[in-house]
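First up is the structure itself, then whatever we jot down about it.
The values are calculated or read from the model by the stated rules, or taken from the named source; none is laboratory data. Please read these numbers as outputs of a predicted model, since none were measured by experiment. Virtual Cβ from ideal backbone geometry, glycine too; neighbours counted across all protein chains shown. Accessible surface areas use protein heavy atoms only, side chains included; no ligands, DNA or RNA. Shrake-Rupley method; radii C 1.70, N 1.55, O 1.52, S 1.80 Å.
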Amino acid sequence: MAGTPGLGPISPRLQRIAEQARAMPQVALTTLAHHLDHDLLLEAYRRTRKDGAVGIDGQTAEVYAENLEANLRGLLERAKSGRYRAPPVRRVHIPKAGRSETRPIGIPTFEDKVLQRAVAMLLGAVYEQDFRDCSYGFRPGRSAHQGLQRLWKGLMDLGGGWVLELDVERFFDTLDHERLREILRQRVRDGVLLRLIGKWLRAGVLEEGRLVHPDAGTPQGGVISPLLANVFLDAVLDGWFEDVVKPRLRGRAFLVRYADDAVVVFELEEDARRVLGVLPKRLAKYGLRLHPEKTRLVAFRRPPRAGGGTRSGTFDFLGFTHYWGRARRGFPAVLRKTARDRFTRSLRAVAQWCRRHRHLPLAVQHRELTAKLRGHYAYYGITGNHPALQRFHWEAQGAWRKWLRRRSNRARRSWEWFWRLQARYPLPPPRVVHSVYRLAANP
């Protein structure tokens, strides 16, 4: 498309919104919709994935781009005038890690993704000034690994303690619409933006040809859903913990949250049990409920240097099992390894890919498997997890060999044959991508 404007006009505008929100932390902003213009929609289009699944209208990004200027102008006019009708999301189900249950995912139309992205950019500029430092999920410049690093450092500084694993039961399905609107209106009172959010909340879900309009929840998969979830949980959990709970505790404590996954670490058992006692009432006030089986209090105390004593418990967070072990120099340290269910799920995915694509040329299989292993290392390659990476590398090699041997009815290939193949098509070795030592050297 000729004459496409650059990114220059966008960032300064969002920066001005952020500065205004930072300067007036207790004020509800009433004039934001005038920033929703063609340039912002164009930038939102650029940031929207073009290879995602299609919504109920079946329109792809390529088809939308054929008449992009007219489509964006029409979208802007409908959004500003109030004539925009949010289409229902198409619901699909994906399996949960290591379970027979599935996770419902809502897929909006491509045009709806663009508009949601634009509104999320505006609201994000406001709420990024309010969000607490304990929140790491779906925020610019923050990642799961930063949350893991904060948790690791906090545990090491405290010398362990009591870890409260929090699991909000079906959070994205039970998020209370009216409570969310109340929380939003405390900071944003722009009628255009609030009306659009209300339409997305009421849009409905299309599943197996049946349209339903749930009274609660926001579909996972929607572009604006992570921001709305952060806004809701910042008010319900983060702000409450920092402003109300921590001043009343006898010992030290800290919270780390990534979207709806959270852990709270306490120095004293007494504080941990008090918070665990009042937390269900706090969440129930906003229509949420703790999962009775997945919420637990873990004694995560540092073992004595001489050994012996009660063995410390373990807990999982963001795909890693945290446990006490020994550092290279022999002193007690918090170590992390790939959680069992995540390891099994990742390895099963590699094996299934090898089975379904064993007919492809070896060079093609090698290229795809290399990308998969590097992607695994990119997330799970943290300090202390090298043994699990090595095991994953070995098991992936075994899965590849197994299905290569079944390409035909000829005699089965030996390991010697496979090692010769590996010499020509080597799979990438395990690599620690996220090192606490590099982070310490370059804070």
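For the range 135-169, enumerate the residues that are in contact with a Leu (Cβ under 8 Å, 6 or more places away or on another chain), outside any helix (DSSP H, G or I), at negative phi and open to solvent by less than 10 Å² (accessible area, probe 1.4 Å).
Within the range 135-169, Ser135, Val163, Leu164 qualify.
Where residues in the range 341-365 are in contact with a Gly (Cβ under 9 Å, 6 or more places away or on another chain) and of a type in the set (Lys, Arg), which of them is farthest from Arg424 (Cα to Cα)?
So the residue we want is Arg342.
Condition first: in a helix (DSSP H, G or I), farther than 16 Å from Leu122 by Cβ and open to solvent by less than 50 Å² (accessible area, probe 1.4 Å). Now tell me which residues in the range 200-220 satisfy that.
Leu201
So which residues in the range 238-250 are in contact (Cβ under 8 Å) with a residue 60 or more places away in the chain, touching a strand residue (DSSP E or B) at 6+ places or on another chain (Cβ under 9 Å) and not charged (D, E, K, R)?
The one that is in contact (Cβ under 8 Å) with a residue 60 or more places away in the chain, touching a strand residue (DSSP E or B) at 6+ places or on another chain (Cβ under 9 Å) and not charged (D, E, K, R): Phe241.
List pairs: first residue in the range 278-294 and loosely packed, with under 14 Cβ neighbours inside 10 Å, second residue of a type outside the set (D, E, K, R) and part of a helix (DSSP H, G or I) anywhere in the structure, Cβ distance under 9 angstrom, at least six positions apart or on different chains.
Val278/Val245; Lys285/Val236
Could you give every pair whose Cβ atoms fall below 9 Å, whose first residue belongs to the range 253-271 and is over 14 Å from Gly159 (Cα atoms) and open to solvent by 10 Å² or more (accessible area, probe 1.4 Å), and whose second residue is of a type in the set (A, V, I, L, M) and part of a strand (DSSP E or B), counting only separations of at least 6 or pairs across chains?
Asp260/Leu166; Asp260/Val168; Asp261/Leu166; Asp261/Val168
I'd like to know if the range 170-182 contains one or more residues that are open to solvent by 20 Å² or more (accessible area, probe 1.4 Å) and part of a loop (DSSP other than H, G, I, E, B).
Yes.
Of everything in the range 35-56, what is within 15 Å of Gln116 (Cβ to Cβ), charged (D, E, K, R) and surrounded by fewer than 18 Cβ atoms within 10 Å (Cβ to Cβ)? Give them in sequence order.
Correct list: Arg46, Arg47, Arg49.
Where residues in the range 12-34 are small (Gly, Ala, Ser), in a helix (DSSP H, G or I) and more than 10 Å from Ala125 (Cβ to Cβ), which of them is least open to solvent (accessible area, probe 1.4 Å)?
Ranking the candidates gives Ala33 first.
Quick check on the range 126-140. Is at least one of its residues closer than 27 Å to Arg345 by Cα, over 18 Å from the mean Cα position of the chain (by Cα) and at pLDDT 90 or above?
no
Output the residues belonging to the range 319-365 that are in a helix (DSSP H, G or I) and farther than 17 Å from Phe392 by Cβ.
Here is the first cut: in the range 319-365, the ones in a helix (DSSP H, G or I) are 340-356, 362-365.
Once the filter is applied, which keeps residues that are in a helix (DSSP H, G or I) and farther than 17 Å from Phe392 by Cβ, the range 319-365 yields Arg355, Arg356, Leu362, Ala363, Val364, Gln365.
Looking only at residues in the range 1-47 that are among the β-branched types (Val, Ile, Thr) and modelled with pLDDT under 90, which one is farthest from Arg195 (Cα to Cα)?
Thr4
Looking only at residues that are in contact with a Lys or Arg (Cβ under 6 Å, 6 or more places away or on another chain) and in a loop (DSSP other than H, G, I, E, B) in the range 366-396, which one is nearest to Leu427 (Cα to Cα)?
Gly381
Residue by residue, here is whether (1) open to solvent by 70 Å² or more (accessible area, probe 1.4 Å); (2) free of Cβ contacts under 8 Å to residues at least 40 places away in the same chain; (3) farther than 30 Å from Lys153 by Cβ holds:
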site: Arg340; (1), (2), (3): yes, no, no
site: Val350; (1), (2), (3): no, no, yes
site: Leu362; (1), (2), (3): no, no, yes
site: Leu373; (1), (2), (3): no, no, no
site: His393; (1), (2), (3): no, yes, no
site: Leu404; (1), (2), (3): no, no, yes
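Within the range 309-334, count every residue that is at pLDDT below 95 and open to solvent by 60 Å² or more (accessible area, probe 1.4 Å).
Number of matching residues: 7.
When you check Phe131 against the structure, is it among the aromatic types (Phe, Trp, Tyr) and open to solvent by less than 50 Å² (accessible area, probe 1.4 Å), yes or no?
yes
Would you be able to tell me the number of residues in the range 65-96 that are closer than 14 Å to Ala44 by Cα and open to solvent by 30 Å² or more (accessible area, probe 1.4 Å)?
5
Being closer than 21 Å to Arg117 by Cβ and in a helix (DSSP H, G or I) is the filter here; which residues of the range 184-199 pass it? Before the answer, list the steps.
First pass over the range 184-199, keeping only residues closer than 21 Å to Arg117 by Cβ: 184, 187-188, 190-199.
Within the range 184-199, Leu184, Gly191, Val192, Leu193, Leu194, Arg195, Leu196, Ile197, Gly198, Lys199 qualify.
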